[in-house]
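The values are calculated or read from the model by the stated rules, or taken from the named source; none is laboratory data. All of these numbers come straight from a predicted model, not from anything done at the bench. Cβ coordinates were reconstructed from backbone atoms using ideal geometry, including for glycine residues, and neighbour counts include every protein chain displayed. Surface areas here come from the heavy atoms of the whole protein model, side chains and all, with no ligands, DNA or RNA. Shrake-Rupley method; radii C 1.70, N 1.55, O 1.52, S 1.80 Å.
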Amino acid sequence: MELNLGGVFQVGWSIGLDYTEGMTNIVWDIIVLVSLLLSMLCLSIPMKSGISISTAYAVWVGLGVVLTIIVSAVLGLETITLGMVLFLLVTVAGVVGLKMVS
């Protein structure tokens, strides 16, 4: 559960970076920093519960990448191509597989 939430917070800091204007926009700077902190916290909790770092990190990054690309496309910041969809599906399959075997 925490890894999923961590992936959501990754969207906040990764897309937020586009709005910080070089870390000069204080509102967006705070959003980015808080999202980053919460995302890292959500990564650390499952590792304390016994999930291996390799599995936790792969799931956390994979979810963050997929969600960030989807939200970026919805906001008009990214154009999704057929190739991107194919590799996003591979990423999702890898994340699901890792969660199933861990």
message: Just to be sure before I move on: is VAL96 closer than 25 Å to LEU17 by Cβ, out of contact with any Pro (no Cβ under 7 Å at 6 or more places or on another chain) and either in a helix (DSSP H, G or I) or open to solvent by 70 Å² or more (accessible area, probe 1.4 Å) (or both) in the structure I sent?
response: no
message: Suppose the filter is open to solvent by less than 70 Å² (accessible area, probe 1.4 Å), over 21 Å from VAL61 (Cβ atoms) and either under 13 Å from the mean Cα position of the chain (by Cα) or modelled with pLDDT under 95 (or both); does GLY7 pass it?
response: no
- prompt: Got at least one residue in the stretch 23-34 being touching a residue at least 24 places away in the same chain (Cβ under 8 Å) and out of contact with any His (no Cβ under 6 Å at 6 or more places or on another chain)?
  reply: no
field: Selected residue (only one of GLY97, GLY83, GLY76 is over 14 Å from the mean Cα position of the chain (by Cα) and modelled with pLDDT under 90)
entry: GLY97
query: Do you know which residues across the stretch 1-29 are more than 30 Å from ILE51 (Cβ to Cβ) and assigned to a helix (DSSP H, G or I)?
result: ASP18, TYR19, ILE26, VAL27, TRP28, ASP29
Residues of the stretch 46-66 classified as in a helix (DSSP H, G or I), of a type outside the set (Ser, Thr, Tyr) and open to solvent by 60 Å² or more (accessible area, probe 1.4 Å), total: 4
message: Based on this model, can you work out whether TRP60 counts as farther than 28 Å from MET100 by Cβ, at pLDDT 90 or above and aromatic (Phe, Trp, Tyr)?
response: no
